[in-house]
Amino acid sequence: MTFSTDPGSPPVLEARGVNKEFPGVKALDDVSLSLHKGEVHALVGENGAGKSTLIKVLTGVYPQDAGQLFHHQVPVTFRSPGAAQAAGISTIYQEVNLVPTQSAARNLYLGREPRTRLGLIDFTAMHRAARELLDEYSIRADVEAPLASLGLGTQQMIAVARAVAIDANVVIMDEPTSSLEAREVETLFGVIDRLRARGVAIIYVSHRLDELYRICDTVTVLRDGKLVHTGPLAGLPRLQLVATMLGRELLAQTKRHSESDEQSEGPYAEPVLEVRNITRRGVLDNISFAVRPGEIVGLGGLLGAGRTETGMAVLGAQDLDAGTVAVDGRVVRAGSPSASIAAGVALLPEDRKLEGILPSLSIRDNIVLAALPRLSRAGLVSDRKVDEVVATFMKQLHIRATGPDQKVGTLSGGNQQKVMLARLLCLNPKVLILDEPTRGIDVGAKTEVRVTIDELAAAGLAVLLISSETEELVDGSDRIIVLREGQVTDVLTGDRLSEDELVRAIASVEPDTSEEPTDD
């Protein structure tokens, strides 16, 4: 396919040396990006890389703290998303941000409805124009039906049609295919080709490598808020792209675990956790694996591969279309976190501040929150038992604080994470799911948390470790299940348990069927 992009032409939209800080976080650090007419520019990076922040700076949601934006080589400051849209910069977000109670036609022309001579909305003209617009992009939908009555994929395509209907010169697509069926993805790619032919510049955010290599001309990689690579996508090997996103150099020598497959699997008893063919349409596809007492099994893959969704399914926090989760040989009711917790499953969430700690409460209150029912009798809580439990876990997990009454919000990130672990351990779990357990904490605290995880496994817990850090997965896991687009594509054990092999497995195009993904 021949693309019409002209990298030698003046940029349509440009960011130069952009910085953006939030309290305690430098979200963007001297980031630059140039977008040219007719170019499809991939913007990639793992969670927290800065992609969303850069998009929000480009579209007037956030003002930059330093640096400059240029639109058609003219310095600009977009003080609102409306100002960016008026300049011809349109954004399509992963979550459909339209009005579900209004018709498809009304959503397409919201704020710019055709009017009669009396100033009333001309519904006949609006419906006709909506049909013509959707037909132009091969989108099939009843334009008079409420948006909420249409499928999620159709809603997303209507969001695309609305974005391109405002005569945009720049279109930003943030994970636009996340809710689309294969047929709808093909329709979207057709829309992108037409926009490219018209000279529209596109920023395309996606974690799906196949899509990037199929439709994108250029790629910019962000990592930890910094620009680490920008250049043509053609000729850049997938392996190198993934390694750049993850921050790993391709090593000349593969790091080996000293144990062989047989040695590493030998000590474990019968599986305590058995995941059998779990499927959730559009999210998880026939995933199977097992975890034994004392074993740490890692879940690897890029953002959007299905790692967190797998953990949530094991916890019972997601309904399943097929498959089972069993603990100690007993199937746990799907879609019921309370049933999974009662069976012995506990999960440390990815975002401890949003989903975990209660910063205004004490260490004591945070730790025993989940265990209060078993520490009480006739509705009364024994302070002595609470104090014993808190003292035990503060000592076991080496929580550094002035005492159990110190507010959790005043602790370091590493100690907050340990408080969360202590709360889960109060439940006496058999299976511990850890989602990004060392994210956002310093190097020293990371080491302490990793040692704690090893100690918990040594004590007999079955651990499912979810991490975007290749080093953490390789060093901390006995086995790594590699996911891609909700499917198990590889299982790394023994001599293959290395960072090089993990990066290669994540970047692979076709599933590796040389190993059985289940562990019976």
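Here is how the numbers come out for the structure above:
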quantity: Of all residues in segment 363-398 being touching a Leu at 6+ places or on another chain (Cβ under 8 Å) and at pLDDT 85 or above, the one that is farthest from residue 419 (Cα to Cα); calculated: 365
quantity: Criterion (in contact (Cβ under 8 Å) with a residue 12 or more places away in the chain, in a helix (DSSP H, G or I) and touching a strand residue (DSSP E or B) at 6+ places or on another chain (Cβ under 9 Å)) met by exactly one of 129, 84; calculated: 84
quantity: Sole exception among (1) surrounded by fewer than 15 Cβ atoms within 10 Å (Cβ to Cβ); (2) not assigned by TED's automatic domain parsing to the domain that holds residue 215 for residue 133, by number; calculated: (1)
quantity: Filter result for the condition that a residue is in a strand (DSSP E or B), touching a residue at least 24 places away in the same chain (Cβ under 8 Å), touching a Lys or Arg at 6+ places or on another chain (Cβ under 6 Å) and not aromatic (Phe, Trp, Tyr), over 90, 32; calculated: 32
quantity: Number of positions in segment 260-284 that are under 28 Å from residue 495 (Cβ atoms), modelled with pLDDT under 95 and not in a loop (DSSP other than H, G, I, E, B); calculated: 5
quantity: Some residue of segment 338-346 being touching a Lys or Arg at 6+ places or on another chain (Cβ under 6 Å) and in contact (Cβ under 8 Å) with a residue 60 or more places away in the chain; calculated: yes
quantity: Single residue of segment 145-160 satisfying the filter (free of Cβ contacts under 8 Å to residues at least 60 places away in the same chain and in a helix (DSSP H, G or I)) that is surrounded by the fewest Cβ atoms within 10 Å (Cβ to Cβ); calculated: 148
quantity: In segment 188-208, residue farthest from the chain's Cα centre (by Cα) [restricted to those that are crowded, with 19+ Cβ neighbours inside 10 Å and not aliphatic (A, V, I, L, M)]; calculated: 196
quantity: Residue within segment 69-81 that is touching a helix residue (DSSP H, G or I) at 6+ places or on another chain (Cβ under 6 Å) and within 23 Å of residue 177 (Cβ to Cβ) present; calculated: no
quantity: Residue in segment 301-313 that is farther than 20 Å from residue 428 by Cα, β-branched (Val, Ile, Thr) and modelled with pLDDT of 90 or more present; calculated: yes
quantity: Residues within segment 178-205 that are more than 23 Å from residue 72 (Cβ to Cβ) and of a type in the set (Lys, Arg), tallied; calculated: 1
quantity: Boolean, residue 57 is β-branched (Val, Ile, Thr), outside the structural domain of residue 162 (by TED's automatic domain parsing), surrounded by 13 or more Cβ atoms within 10 Å (Cβ to Cβ) and part of a loop (DSSP other than H, G, I, E, B); calculated: no
quantity: Scan of segment 399-435 for residues that are modelled with pLDDT of 85 or more, in contact with an Asp or Glu (Cβ under 9 Å, 6 or more places away or on another chain) and under 21 Å from residue 296 (Cβ atoms), ordered by number; calculated: 418, 430, 435
quantity: Which listed residue, of 90, 80, is modelled with pLDDT of 85 or more and either over 16 Å from residue 171 (Cβ atoms) or of a type in the set (Lys, Arg) (or both); calculated: 80
quantity: Evaluation of residue 17 against (1) closer than 18 Å to residue 71 by Cβ; (2) part of a loop (DSSP other than H, G, I, E, B) (one fails), failing number; calculated: (2)
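The values are calculated or read from the model by the stated rules, or taken from the named source; none is laboratory data. The structure displayed is predicted, hence computed values, not measured ones. All Cβ positions, even for glycine, are placed from backbone atoms using ideal geometry, and neighbour counts span all protein chains on display.
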